[in-house]
Amino acid sequence: MSHRLIDHVEKALGWTGPERLGRNFAVSDIDETALAERILTPSRLLDLVMRRSLADPQLRCFRDGTELHPNAYITQSVTRRGQSIRMVDMRRLANLLDDGATLVVDQANVFDPTLEAACRALQWWSCERVQANVYLTTNNATGFDLHWDDHDVLILQLAGEKRWEVRGDSRQAPMYRDSARDSSPSENIVWTGTLRTGNVLHIPRGHWHKATREELGVGLSMHVTFGFVQRTGVHWMTWLADWSRDTDLFRHDLKRWADPQEQELQYQRLGEAAVELITSRGPVTYLTAYKQETSAPRHIRHLGILGPLHSIVCVTDFPPQINQEGDTVEVLAAGKKLTFTRKALPSLRLLLSGDPVRLADATAVTGNTVERVAKILVEEELCAWLTPELSSGYTDLIMNAAS
């Protein structure tokens, strides 16, 4: 899957892949306004907020660095049947933004097809799950106070400008659940500057930062933050703890009331079993399982009553693993293992490329087998029906695979 956003990030930051994600701070002042406008505009964001009936906590509003109570911008709309629905009061929200405020939409990729496709492309690129949060700040509004994130972020400035200050970390590799609280900001200022439309910023986990529009006057800033929660040794150990349930010894009660000699014998056996478990299921095994065990994301299931299946796209969180052995081909993805005959291999490589596929074009490339393979992949939810709405998220950003 080749996405224009990834091409832009790599070119702007001088990267050749995801290997430098989370390593060092990086920023680029190369403008790419056309790409930024294609990803999301302020008017599209506000239209999404209005039509999706978003509410807290996925939608939040801040003024002077303080989060406002939802009642300041959320209303209860009552239907003629007396049903109450929470939704954004667009007049109140407009007044807040006109005075200067920050609107935050968490997981905007769940609601917008363009951000959905972008996050999926970034997941295939990084082999980590990705979430997109959008921040719209107006006029002279302040941003959040100096803080750090428990994940690596790539930031694309979508519109306007905003001033940033980025500092180093004050605790190595801090985590959301940690043994000590990281509450003392670093004094080491790594970068201060202004992001403008199309600029890219990479902030590693634990780096302190803040952004503001103070003293910038009338105008706005909108950026999208792509968050990457990379796998750590803690994640691996947690996964091993789940696998320990597969061994009888770990499921037995600890001998709290036994004599010391019997206790020591049990502890010794547990230690030996733990070493065996660690050896048999190392980090590489965990990372492979992590990619293969995720379930299929939300999508619209194709129904025959809606018409024939014209186009599909692979919607797995990570690239499916395609293994050929003799006359059979195995596909591992989304917690499933599918087996095909060898003649399905060209169709599988095309349909599972991550790029949209128009079946008529695919037939010309791989033959009639592709339609049967496509039907199976859709039924097994590795691929999804490419509706016009979902297709819009790929247009001009990812090429049609068959072409």
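Key figures for this structure:
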quantity: Sole exception among (1) under 18 Å from residue 145 (Cβ atoms); (2) aromatic (Phe, Trp, Tyr); (3) over 29 Å from the mean Cα position of the chain (by Cα) for residue 250, by number; calculated: (1)
quantity: Matching option when the condition is surrounded by fewer than 16 Cβ atoms within 10 Å (Cβ to Cβ), touching a Phe, Trp or Tyr at 6+ places or on another chain (Cβ under 8 Å) and not aromatic (Phe, Trp, Tyr), among 65, 82; calculated: 65
quantity: Hey, residue 247 surrounded by 17 or more Cβ atoms within 10 Å (Cβ to Cβ) and β-branched (Val, Ile, Thr) or not; calculated: no
quantity: Residue match in segment 275-297 (condition: outside any loop (DSSP other than H, G, I, E, B) and under 30 Å from residue 359 (Cα atoms)); calculated: yes
quantity: Residue among 213, 205, 163 that alone is in contact with a His (Cβ under 8 Å, 6 or more places away or on another chain) and not β-branched (Val, Ile, Thr); calculated: 205
quantity: Test: residue in segment 36-59 that is in contact with a Gly (Cβ under 7 Å, 6 or more places away or on another chain), assigned to a helix (DSSP H, G or I) and of a type outside the set (Asp, Glu); calculated: yes
quantity: Hey, residue 82 on the phi > 0 side of the Ramachandran plot and at pLDDT 95 or above or not; calculated: no
quantity: Only listed residue being at pLDDT 95 or above, under 18 Å from residue 99 (Cβ atoms) and of a type in the set (A, V, I, L, M, F, W, C), chosen from 46, 40; calculated: 46
quantity: Cβ-Cβ under 7 Å pairs, at least 6 apart or on other chains, segment 243-259 side within 21 Å of residue 289 (Cβ to Cβ) and free of Cβ contacts under 8 Å to residues at least 60 places away in the same chain, far side among the small types (Gly, Ala, Ser) and assigned to a helix (DSSP H, G or I); calculated: 247/273; 250/244; 250/273
quantity: Residues within segment 186-211 that are surrounded by fewer than 20 Cβ atoms within 10 Å (Cβ to Cβ) and outside any loop (DSSP other than H, G, I, E, B), tallied; calculated: 8
quantity: Failed item in (1) farther than 23 Å from residue 112 by Cβ; (2) within 21 Å of the chain's Cα centre (by Cα); (3) buried (at least 17 other Cβ atoms within 10 Å of the Cβ); (4) at pLDDT below 95, with residue 369 passing the rest; calculated: (2)
quantity: Failed item, numbered, when residue 202 is tested on (1) touching a residue at least 12 places away in the same chain (Cβ under 8 Å); (2) over 23 Å from residue 9 (Cα atoms); calculated: (2)
quantity: Output for segment 303-321, where each listed residue is surrounded by fewer than 17 Cβ atoms within 10 Å (Cβ to Cβ) and within 27 Å of the chain's Cα centre (by Cα); calculated: 321
quantity: Residue pairs meeting the criteria (Cβ under 7 Å; at least 6 apart or on separate chains; first not assigned by TED's automatic domain parsing to the domain that holds residue 133 and among the aliphatic types (A, V, I, L, M), in segment 56-80; second at pLDDT below 95 and assigned to a strand (DSSP E or B)); calculated: none
quantity: Residue 132 buried (at least 21 other Cβ atoms within 10 Å of the Cβ) and under 22 Å from residue 39 (Cα atoms); calculated: yes
quantity: Residue among 31, 7 that is touching a residue at least 24 places away in the same chain (Cβ under 8 Å), exposed (fewer than 15 other Cβ atoms within 10 Å of the Cβ), charged (D, E, K, R) and farther than 30 Å from residue 69 by Cβ; calculated: 31
quantity: Segment 250-264, subset under 21 Å from residue 277 (Cα atoms) and of a type in the set (D, E, K, R), residue surrounded by the fewest Cβ atoms within 10 Å (Cβ to Cβ); calculated: 253
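The values are calculated or read from the model by the stated rules, or taken from the named source; none is laboratory data. These numbers were taken from a predicted model, which means no experiment stands behind them. In this analysis, Cβ positions are derived from the backbone assuming ideal geometry, glycine residues included, and neighbour counts consider all displayed protein chains.
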